[in-house]
Amino acid sequence: MKAMQTTSPPIPESLEQLEHLDYAAFGAELEALHQRLLANISEADFKHLRKIEGWGRICSLLGYATAWLLPNPISALLISTGQMARWGCLNHHIRHRGYDRVPNIPKRYTSKGFARGWRRWIDWPDWLVPEAWDFEHNVLHHYHTGEKLDPDILEDRVQLMRRIKAPIWFKYAVASFFMVTWKLTYYAPNTLWILQQQRSRPGRKGLEERIAGHQPAIFHGAPLWWPFSKGSGEFWLRCVFPYALFRFALLPALFLPLGLSAALNVLLTSVLAELMTNLHTFLIIVPNHTGDDVYRFEGPVSDKAEFYLRQVVGSANFTGGRDWQDFLQGWLNYQIEHHLWPDLTLRQYQLAQPEVEAICQKYGVPYIRQSIWKRIGQTMRLLTGQIVMRPLKTRSKQEREKELASV
């Protein structure tokens with residue numbers, strides 16, 4: 001299925017367009033579209049998901065079926081792509097409840113079954129603890145997008161990198177290391193640390209106070225790497241050891257009947273695949289909310305209309321539209337639509353994209369849809385301190401009502 005290819009409007013230097021936005025009408029049109037898309041979810045969406053899942057499984061099977069012959073980048077790329085698909089195409093959307101409305105869907109493909117408990121090692125084996133990712137991503141990132149409480153604001157997470165006086169080539173070298181290891185070195189400890197804080201200080205205020213009072217030089221979860229620091233035991237026992245044993249011991253050991261060299265070849269190929277899938281996922285995830293044309297915000301939203309505006313101007317889409325393009329981008333090229341409505345299926349995002357863009361153009365709301373390579377360029381410049389993100393003061397429901405009352 002091919003989504004409509006259109007040219008995104010330029011991001012205005014002046015915020016005049018947004019200052020005169022009819023929030024209520026804009027929000028109402030988007031909400032009406034959301035309800036139509038929800039009503040359109042059917043068993044066809046599950047059939048489509050199974051097709052995409054099949055592509056990922058084929059990649060994994062072909063990768064391991066050839067990895068034992070000799071360590072090689074082709075097998076590693078296939079394994080890497082299969083791993084990416086489990087996270088980007090399946091776990092991400094299933095645990096967002098995207099498929100909970102599909103009639104007669106098996107529980108293992110719903111938010112209550114996928115990667116829960118022991119099924120983690122079948123559905124989504126990775127460094128990350130699924131429930132830690134759920135809270136960090138599904139709750140904090142999605143419902144505090146661009147705010148101080150959003151854990152995924154790259155500009156805030158890499159302050160040391162941005163401020164340090166070092167040659168650009170050195171910054172790119174450091175960035176490259178984290179790009180090929182980021183799930184282990186950054187994302188797994190950070191998501192778990194945030195979950196640990198939520199357990200001890202539930203509620204927005206308590207969590208905000210804890211995060212504000214904990215500003216390490218690198219990132220919040222970095223202390224978990226030290227074996228005797230508070231909470232580090234959970235990190236090592238739930239993130240590092242289990243996945244390392246699964247990926248780099250158990251899977252290679254399955255090839256021992258073919259000889260020790262076959263198992264070693266699988267091990268080496270698996271290590272290369274891990275570096276590749278880290279790079280792949282970094283490049284399709286991080287650029288979604290970075291750039292000097294993407295906005296960030298102060299304070300929480302006041303109503304759904306303000307929420308919708310923030311999700312659009314605080315996110316960026318990649319071009320795509322065909323299944324194979326969307327698959328390779330982990331279906332994250334529909335970031336704006338996904339942030340508006342996290343509870344849709346892969347197929348519904350393809351249908352939603354041109355309609356959302358048309359609504360944004362109608363109301364003069366900036367809508368970014370560019371090549372992934374352009375967005376990666378924005379990300380690297382932001383990461384190395386060459387650009388900054390745009391602050392935006394959106395109008396709350398109370399402010400809008402006050403303005404209407406004064407007219």
Problem - Entries in Lys304/Lys397; Lys148/Lys393; Lys112/Lys304 that, when Cα-Cα distance is taken, lie over 18 Å - result: Lys112/Lys304
Exercise for the section: Could you pull out every whole DSSP H run in the chain that spans at least 27 Å of Cα extent along its own axis and averages 1.0 or higher on the Kyte-Doolittle scale? Expected result: 260-285
Handout entry: Contour excess over end-to-end distance, with Cα ends at Arg381 and Arg50 and 0.36 nm allotted per residue
Key = 115.4 nm
Practice task
Compare Arg381, Arg296, Arg210 in a GNM of the chain, Cα atoms joined below 10 Å, and give the one with the largest fluctuation.
Solution key: Arg210
Problem - Among (1) 58, 49, 38; (2) 71, 64, 35; (3) 81, 50, 41, the entry that matches Cα extents along the principal axes in Å as calculated here - result: (3)
Problem - Protection-proxy order for peptides 81-87, 243-249, 354-360, each taking the mean of Cβ atoms within 10 Å per residue, highest first - result: 81-87, 354-360, 243-249
Practice task
Report, ordered by chain and residue number, the aspartates and glutamates lying within cross-link reach of Lys51, taken as a straight Cα distance under 14 Å and ignoring same-chain residues fewer than 8 apart.
Solution key: Glu43, Asp323, Asp326
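What order do you get for Trp118, Trp225 when you list them from fewest to most C-beta neighbours inside 10 Å?
Trp118, Trp225
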Exercise for the section: Pull out a ≥ b ≥ c, the square roots of the eigenvalues of the alpha-carbon gyration tensor of region 32-184, then state rounded if a/c is under 1.5, prolate if not and a/b is larger than b/c, and oblate in the remaining case. Expected result: oblate
Problem - Euclidean distance between Cα centres, region 337-407 to region 95-125, Å - result: 29
Fill in the blank from the handout: Over region 126-253, the quotient of the Cα radius of gyration and 2.2 N^0.38 Å is 1.11
Exercise for the section: State the percent of C-alpha pairs, over all pairs in region 13-66, separated by a distance greater than 14 angstrom. Expected result: 73
Handout entry: Eligible aspartates and glutamates near Lys171 by straight Cα distance, threshold 12 Å, same-chain separation 8 or greater
Key = none
Practice task
State log₁₀ I(q)/I(0) for region 259-354 at q = 0.16 Å⁻¹ as given by the Debye formula over alpha-carbon point scatterers of equal weight, solvent excluded.
Solution key: -0.76
Exercise for the section: Note down the relative contact order for the chain as a percent, whole number, built from C-alpha pairs under 8 angstrom at least six residues apart. Expected result: 28
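Laboratory data are not the source of any read-out in this text; all were calculated from the coordinates shown. In this text, all values refer to a predicted model and were calculated from it rather than measured experimentally. We place every Cβ from the backbone using ideal geometry, glycine too, and count neighbours over all the protein chains shown.
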